[in-house]
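Everything below concerns the one structure shown next.
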Amino acid sequence: MTTLTDPPKEQFRLSMLLYDTRYRSATIQVIALIGFMLLAAWIVSNTINNLAALGKPVEFGFFGEPASYDINQRLLEYSSRDTHLRAAFVGLLNTLVVAVLGCITATILGVVIGVLRLSHNWIIARLMTVYVEMFRNVPVLLWIVFIMAVLIESLPAPRAFRGENPEASMMLADSVAVTNRGVYVPEVLFSNSLGDIHLFGASSLRFDVSLDLVAFLIVLGGAIWTSRWIKRRADGIQEQTGDRPVTWWQRLAVFVVPIGLLMYALGFHLGYPELKGFNFKGGTHMRNSLIALWLALSLYTAAFIAEIVRAGIMAISKGQSEAAAALGLRQNKIMNLVILPQALRVIIPPLISNYLNLTKNSSLAIAVGYMDITGTLGGITMNQTGRELECVLLLMLVYLSISLTISAVMNWYNESVKLKER
Amino acid sequence: MKKSVILGAATIAGLAAGAAAAGTVDDVKARGKLNCGVTTGLVGFAAPDANGEWQGFDVAVCRAVAAAVLGDANAVEFVPTTGKTRFTALASGEVDMLARNTTWTFSRDVDLKFEFTGVNYYDGQGFMVPKSLGVSSAKELDGATVCIQTGTTTELNLADFFRSNNISYEPVPIETNAEAQQQYLAGACDVYTTDASGLAATRATFENPGDHVLLPEIISKEPLGPLVRHGDHEWGDVVRWTLNALVSAEELGITSANIDEMAAGTDNPEVNRLLGSEGTLGEMLGLDAEWAKRAVKAGGNYGEVFAKNIGEETPIGLARGLNAQWTEGGLLYSPPFR
Amino acid sequence: MSDIGYVRTEMLPEKEPPASEVGIIGWMRHNLFSGWINSILTLLSIYFVYKILEAVVPWIISPTWDAGSLSECREILHALGREGHYAGACWGVIHERWIQLIFGFYPPELYWRPIAAFVLLGVALAPVLFADKVPSKLLIFSGLYPFIFPWLLWGGTIWGPISALLGFVVGWAVYTLISKTMSGLLGIILGVLASLVWWLVISSYFVGAMDSVAAIGIEVVESRKFGGFMLSITIGVVAIACSLPLGIVLALGRQSDLMIVKYLSVGFIEFIRGVPLITLLFVASTLLNLFLPPGTNFDIILRVLIMVTLFSAAYMAEVIRGGLAALPRGQYEGADSLGLNYWQAQRLIIMPQALKISIPGIVSTFIGVFKDTVLVSIIGLLDPLGLATAIRADANWNGIVWEIYGFIGLLFFIFCFSMSRYSMYLERKLHTGHR
């Protein structure tokens, strides 16, 4: 009777690196790694040689020099004496503004259009199809340029508001002016303002935070918390007694009363735009470049989102809506309570990539002269300093961080709404 | 150093291998073509016509250089460049020279390592406003919205001007002249500012040019000229003296009509030296004796090129102004051919 | 029980449905005016469409086809008594420039070459896209087509593409030789090396030698002459064709168990997908020359092709990864149980199915890349949009806006719309095959 023995221990031979599957994977990886490192080293050494030949060493010192150009749309105070870094920072905020605005409107529009495309109304469904196909099949750059041209050509110039019998007039009780330079809306002013906190001293990244805004957000947060607490309490009572107390006025009041008090305390009033000199003065000025870019990106992305939403809704089997109808739910309740929550799981992953696309497409802002980070750092700064390598690399790094942040946040959200399988 | 990179199926895909760091003259001769960087389109200065032929004032400089070096004014490949790509295109050797209304500034000459080979157009930044605005000086533009063409020195000059006069303005940066014009006409900006030549050219194409005025202030000096890479002096000399030949030809009364006659020999030694019937100027440049003759013949002398592309007879209608010969009160002053 | 008074013995004839339920009226009641909200929406939509048509149609109908400049257009319209900024379109610009917008600066006598290239593209794709209707012999042509296409467009000696093809043949020969006698892995490595050596070292001598023996070739057209839609399509086609193999490799790398390979693939894909195409084009126009050995210089269109290929490869990898993920687990296990090794399994079992599932995704990636090619106008290439700027800089056409943009938009729409319809058709066809 033989006993089971270990197979004879093979001596390691060089050929086992190729034939033995245990070692082969290591061989492949090492080759891949060496190949990659060689490639990287080759590129870096070429770059160093080339830059040396051009006499342009890699250095970021130029970011500290005055930018010498002005930026019209800015969230922070900035003048042409500020540094290139400051200009890039202002541009970055502009990118974020248009990306956030665009994502919000694109989602709203996309959901509405996606639902309407499934409408029983023949003409509406057809119109929405035309919309989706029209926007999806023409490059977004063309749409941006096109919408900008429409805004410029079709809206009245400020000079049309002048004179005894002006050709154009302001809307909503003389508070909103729609011109081909942009839209002027009343601005929020406080006569007893709390002032600002200045962060980061006098550096290029200095940042003013309005204490009024902070106070507002605190009160709002408190109100939301209280309102949820009221809701939970009502839920509890309903569980126990079967009767739900009427809470809508309480929940409204926790919002209205503290915010109203805060506004009164701060001396809230509106600053209206009025025509002075060449332009409207006062009020908040939303420039045409921002509006055109925002509109074009939203409309374009909404066409894609509409298709995603439609596909998501159609992916829910008919039995779901029939069962909901059998329970006696109304059409809009079926949509809100049964279809959309399930469709959302199908919708979210492609939605994330559309948000990413929108953010990346916002780099086309230069076509309409919106000074986003591509316009400042990758545009005028690069032109004026001739430091292409530094500017382009930094630009890519910024976009990469934005993209990775968005996907991280959205993936986290996706995880949280995912069907918990047991 | 010559290296050919072959990338799979793209082998044949027009690899222009080996732009050498030195000896552009020889490179151009070996290639049989001059690579010339121009704008992607600027009225009167460079634009392709319906047949794909490039036309314009800057283009004529390229053609003159090609004629001088290669003997054929059409042996030019025009490479359209934007404000962003022009300097890298030149530095990397993609183009041999830039003739792309580029302002000669200290930092471009010294820091970016280029060599300006002269000035083919003296310009300055100006302002255009609608007459109905009733503005007569740029200093009255407090609070105005200003359209600027970006990618040039324009936005820097503008920022400096308004800052030093302590008046506020709202800049609207725009990529191309065509779009700036559209915004200006629609009233989306009160003022349009760019080089005065560009303003005049733009105004000339309006439906009612009389409704718009150019303000008297010229807020900057914009000497526009061709440039080459720093360090290749032979090539720099060729471009510089080709331009000078065009200017001198006008001064000496040599035109494309009478050039054959004058090349046979005249009583003026400088004409003879220029056109190669006397002396060895061409040889010193590394070219043959008739280089300047061919350069002038390509599109005429400076005055003819000016008149044909942007002069008063054309729709653009620019007066010579600063760009007249020094003998006529202008700044054009070619060093002697001696 | 016979006292039942009345029993109907035959069916009553069917009544006509009420007039409000059939025909046009019924259809309208059901589809347009089924409730007051719907009715309002319908009326609003009709008004909206009417308003747009009212504004646009008179502008489009404008007898300016033969005008030679914008001012001539204005005169023609003035003579007709149509005044104002929007009196009518100036179609003369399209009449004069449409060929340029399509072919760029390609020499007119050689227009047959791009046309032939794109017609042959259809022939080459036929066995892939209409596998059931076309003889599979055509696949040989599809394999050769990547070498014919650049030769037709760029011209030059015929030995160039032949030599490029021979590189693959050499690589394949070395691979089979070595893998028969020694290990498969070594075969792959040496095969790739042999191909590289052929392309980088031997090829230029081979082409030179063959050219001096038999100089067969067609006129060279430099890529600077490319422009307009031809440029867009060329970039799109080349990028997709080159990114397909790259994408497959990246997708496999991302799925692989080998950690380093996996992270390299993931890093590349996420990096490319995380930055906008415009920054990659900035790299192509300003930095790529810096990354290569001093003195190397190839023209901007080739550099753009490289960057767009890398860009689409990352997206392609994700599409193919989707295709791989859609394959049921059993296919992998089946391949294993047959004793196939990794590459055999990929080649014979996995890839044919995964690629087939991915075709709609590949088509939509292509549409995306094709649309994105307009960005090259920002770095100064004369694609349709870049040409629009150049045309507007012509003194004759300075001031034209809508006509050119409209024309470009329309052409893009026609192209992309037909592609997307085709991909939807494919999707339906593939679906029925799978269930």
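Taken together, the values in this text are just the output of simple stated rules run on the coordinates, not laboratory data. The shown structure was predicted, so the numbers you read here are calculated from the model rather than taken from an experiment. As a convention, Cβ positions derive from the backbone with ideal geometry for all residues, glycine included, and neighbour counts pool all protein chains shown.
Relative contact order of chain A, taken over Cα pairs closer than 8 Å and 6 or more residues apart, is 21 percent.
Efficiency by 1/(1 + (r/R0)^6): what FRET value for A:Ser79 and B:Ser107, r their Cβ-Cβ distance, R0 = 30 Å, to the nearest 0.05? Write out the running numbers ahead of the final one.
Details: r = 21 Å, r/R0 = 0.71.
The calculated FRET efficiency here is 0.90.
Rounded, prolate or oblate: which one fits the range C:19-61, using the alpha carbon gyration tensor with axes a ≥ b ≥ c (rounded when a/c is under 1.5, else prolate when a/b beats b/c, else oblate)?
On the way: a/c = 6.34, a/b = 2.18, b/c = 2.90.
Since a/c reaches 1.5 but b/c is at least a/b, the shape of the range C:19-61 is classed as oblate.
Taken one residue at a time, the phi angles of the range C:345-350 give Karplus couplings (6.51, -1.76, 1.60, θ = phi - 60°) of 4, 4, 6, 9, 10, 6 Hz. Gly and Pro are set to x. For A:Gln320 and B:Ala50, what is the calculated FRET efficiency with R₀ set at 41 Å and r taken between the beta-carbons, to the nearest 0.05? Here the calculated transfer efficiency is 0.10.
Panel note: the C-alpha atoms of the range C:322-435, placed on their principal axes, show extents of 72, 29, 16 Å (largest first). Per residue of chain A, the DSSP helices (runs of n ≥ 4 H) give a summed -39500 (n - 2.57) that works out to -20000 deg cm²/dmol at 222 nm.
How long is the gain from A:Arg162 to A:Trp229 if the chain were fully straight, where each residue apart is worth 0.36 nm and the alpha carbon distance is subtracted?
18.8 nm
Between B:Ala319 and C:Glu14, the modelled labels are 8.9 nm apart [label points 7 Å from Cα along Cα→Cβ]. Distance between the pseudo-spin-label points of A:Lys281 and A:Tyr413 (7 Å out from Cα toward the beta carbon): 4.2 nm. Whole-Hz Karplus values for the range C:7-15 come out as 10, 6, 9, 10, 5, 6, x, 4, 7 Hz, taken residue by residue from phi with 6.51 cos²θ - 1.76 cosθ + 1.60 and θ = phi - 60°; glycine and proline positions read x.
Here the range C:269-371 yields Rg over Rh of 1.13, to two decimals, using C-alpha coordinates and the Kirkwood radius.
A simple rule links phi to the HN-Hα coupling: the Karplus curve 6.51 cos²θ - 1.76 cosθ + 1.60 with θ = phi - 60°, which for the range C:144-154 gives 7, 4, x, 8, 6, 4, x, 5, 5, 6, 8 Hz, with x for Gly and Pro. Residues whose amide H lies under 5 Å from that of C:Gly156, counting only those 5 or more places away or on a different chain, are C:Ile218, C:Glu219, C:Val220, C:Val221; hydrogens are built 1.01 Å from N in the peptide plane. Annotation: amide H-H contacts under 5 Å for A:Thr179 (H modelled 1.01 Å from N, sequence separation of 5 or more, or interchain): A:Tyr184.
The ratio of the alpha-carbon radius of gyration of the range C:119-185 to the globular-protein estimate 2.2 N^0.38 Å is 1.42.
FRET efficiency for the pair C:Ser212 and A:Val30, taken as 1/(1 + (r/R0)^6) with r the Cβ-Cβ distance and R0 = 41 Å, rounds to 0.40.
Simple spin-label estimate for C:Ile25 and A:Ala253 gives 5.7 nm between the two label positions (7 Å along the Cα-to-Cβ direction from each Cα).
Just to be sure I follow: if Rg is taken over the C-alpha atoms of the protein assembly as shown and Rh is the Kirkwood radius over the same atoms, what is Rg/Rh?
On the way: Rg = 34.4 Å, Rh = 34.2 Å.
Rg divided by Rh gives 1.00.
In this structure, the amide hydrogen of A:Thr83, modeled 1.01 Å from its nitrogen in the peptide plane, lies closer than 5 angstrom to those of A:Ala67, counting only residues at least 5 positions away or on a different chain. One quarter of the convex hull surface built on the alpha carbon atoms of the range A:136-177 amounts to 4.2 nm², the projected area averaged over directions.
If each DSSP helix of 4+ residues adds -39,500 (n - 2.57) and the sum is divided by the residues in chain C, what number results at 222 nm, nearest 500 deg cm²/dmol?
Calculated from helices alone, the mean residue ellipticity at 222 nm is -22500 deg cm²/dmol.
Relative to the current alpha-carbon distance between C:Ile115 and C:Leu340, full extension at 0.36 nm per residue lengthens the span by 76.6 nm. By DSSP, the beta bridges lying fully in chain B are antiparallel in about 50 percent of cases.
What percent do you get for the relative contact order of the range C:156-218 when only Cα pairs under 8 Å and 6+ apart count?
On the way: 57 pairs, mean separation 30.3, N = 63.
Relative contact order comes out at 48 percent.
Kyte-Doolittle cut-off 0.5, length cut-off 18 Å along the helix's own axis using Cα: show which whole DSSP H helices in chain A pass. Don't skip to the end; give the middle numbers.
On the way: long enough: A:21-54 (49 Å, 1.06); A:84-117 (47 Å, 1.84); A:122-136 (21 Å, 0.95); A:140-154 (21 Å, 2.59); A:211-241 (45 Å, 0.31); A:248-266 (27 Å, 1.45); A:288-315 (39 Å, 1.50); A:340-361 (29 Å, 0.39); A:388-417 (43 Å, 1.19).
Span-like helices here: A:21-54, A:84-117, A:122-136, A:140-154, A:248-266, A:288-315, A:388-417.
For the range C:17-81 versus the range C:370-400, the spacing of their alpha-carbon centroids is 31 Å.
From least to most packed, judged by other beta carbons within 10 angstrom and beginning with the fewest, A:Cys103, C:Cys73, B:Cys62 follow the order A:Cys103, C:Cys73, B:Cys62. Relative contact order for the range B:110-185: 30 percent, from Cα pairs under 8 Å spaced at least 6 residues apart, divided by residue count.
Normalised by 2.2 N^0.38 Å, where N is the number of residues, the C-alpha radius of gyration of chain C stands at 1.34. Stretching A:Leu327 away from A:Glu187 to a fully extended chain increases their span by 45.5 nm, per 0.36 nm per residue minus the current alpha-carbon distance.
Please arrange A:Val178, A:Val256 by counting, for each residue, the other beta carbons lying within 10 Å of its beta carbon, fewest first.
On the way: A:Val178 17, A:Val256 12.
The order, fewest Cβ neighbours first, is A:Val256, A:Val178.
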